[in-house]
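Notes to accompany the following structure.
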Amino acid sequence: MKEPRSIAPLHLILVVCALTASCAGRARESGPADSAFSELIAALSEPGGHFDTDNLISNERSYLHAVTDLEEAGVSGGAYLGVGPEQNFSYIAAIDPEITFLVDIRRDNLLEHLIFKALFAESANRFEYASLLFGRPVPTDVETRTGVAVERLIELLDETPVTRASRRAARDRVDRAIRGFGLDLDDADVATIDRFHGEFIDAGLDLRFRTHGRSPRFYYPTYRDMLLEGDRNGRRVNYLASETLFRTIQTLQREDRIIPIVGDLAGDHALRAIGEYLSGRGVKVSAIYTSNVEFYLFGSRSFARFIDNLGQLPIDDRSVVIRSVFHSLRGPHPRAVPGYYSTQLLQSVDILLRRVREGAYRDYWDVVTRDVLEGP
């Protein structure tokens, strides 16, 4: 049995700004906020940066393989940190943390997560969520579609074309919900939200990961592919695969316990401020999903700063890093599953920090091939 949650609803969590002077200062600089949710985002965020992907959908087709490893390692509860889009939700559903911070250098990532938060607020079930995400008409008897298998959910979406009215209705509902979150959004933010949701509606289940200035790879999965993926045992464990997994995320979203932050994993504020906040609440980090960000941190020689920040988080001997590794000039990763160009890995945070201090890692390949947690 899980211990009772120690995180109160967010309207009781404004103590974050009393934990450190820097946190309080940043909140004041951002001007008056309309809600605790927006104040926490302002207090913990850094100035945004750039990365050359639109980030609407993951390109890690193996993403659910990590769920098997998380379960075998007994990772649950605590605080979850992650980068990137909704791939995080499937990890969060598996871990069922007390609180989540989604930290990404791109402000666009925060804006995309506001769309998802709005959809969870507006939806009665998975079918309504998916219908609004892709701008499909929502049937009046949407409650009767609670619990449909994910294959049937996909069929129903494919059978239902977007109409001008359904697109407008979906956009209006999302925008109305976002306005209620209390964030200070400028015209550019509003335009980005409209464009992002529009891309989901226009591409539908055929939406793919996209980069700017690089040609698309043949192995980039579609949204449909991602829904139909399984873990290492073939189980469908995407957060939209079952009503139970969906409700886990919906509850966290509606209680403001999934908080998108603008921040650099190797930056000077966001990760450290989150660490101070969690330490003040007595909550340990259970998992931090880094995707393949460490590859780029090595390339920019900022990996050491990330390790310093990681060391400031409250962890224990069960805390893990979840990362993704793509095929390289050295070939596929030793744990790669045939047919996949990405590989999901877990590593103990304790061991990672200790091995870095010992100078055990000469390069990125050492980081991702040594001391990896493997299931039985």
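Annotations
- Comparison of Tyr361, Tyr341, Tyr296 shows that the only residue that is of a type in the set (Phe, Trp, Tyr) and open to solvent by less than 60 Å² (accessible area, probe 1.4 Å) is Tyr361.
One line per residue, one yes/no per condition, for (1) under 27 Å from Leu40 (Cβ atoms); (2) touching a Phe, Trp or Tyr at 6+ places or on another chain (Cβ under 9 Å); (3) among the acidic types (Asp, Glu); (4) without any contact (Cβ under 8 Å) to a residue 40 or more places away in the chain:
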position	(1), (2), (3), (4)
Ala169	no, no, no, yes
Leu183	yes, yes, no, no
Ala188	yes, no, no, yes
Glu199	no, no, yes, no
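- The set of residues from the stretch 311-325 being in contact with a strand residue (DSSP E or B) (Cβ under 9 Å, 6 or more places away or on another chain) and surrounded by fewer than 19 Cβ atoms within 10 Å (Cβ to Cβ) comprises Asp316, Asp317, Arg318.
- Qualifying residue in the stretch 67-88 (condition: in a loop (DSSP other than H, G, I, E, B), among the polar types (S, T, N, Q), closer than 18 Å to Leu345 by Cα and modelled with pLDDT of 95 or more): yes
- Out of Leu111, Leu70, Leu44, Leu102, one residue alone is crowded, with 20+ Cβ neighbours inside 10 Å, in contact (Cβ under 8 Å) with a residue 12 or more places away in the chain and more than 17 Å from Ile288 (Cβ to Cβ). It is Leu111.
- Residue pairs meeting the criteria (Cβ under 8 Å; at least 6 apart or on separate chains; first at positive phi, in the stretch 228-241; second not in a loop (DSSP other than H, G, I, E, B)): none
- Verdict on Tyr277 being open to solvent by 70 Å² or more (accessible area, probe 1.4 Å), in a helix (DSSP H, G or I), more than 30 Å from Leu153 (Cβ to Cβ) and of a type outside the set (A, V, I, L, M, F, W, C): no
The values are calculated or read from the model by the stated rules, or taken from the named source; none is laboratory data. This is a predicted model, so every value here is computed, not measured. All Cβ positions, glycine included, derive from the backbone under ideal geometry; neighbour counts span all protein chains shown. Accessible surface is based on the protein model in full, side chains and every heavy atom, while ligands, DNA and RNA are left aside. Shrake-Rupley method; radii C 1.70, N 1.55, O 1.52, S 1.80 Å.
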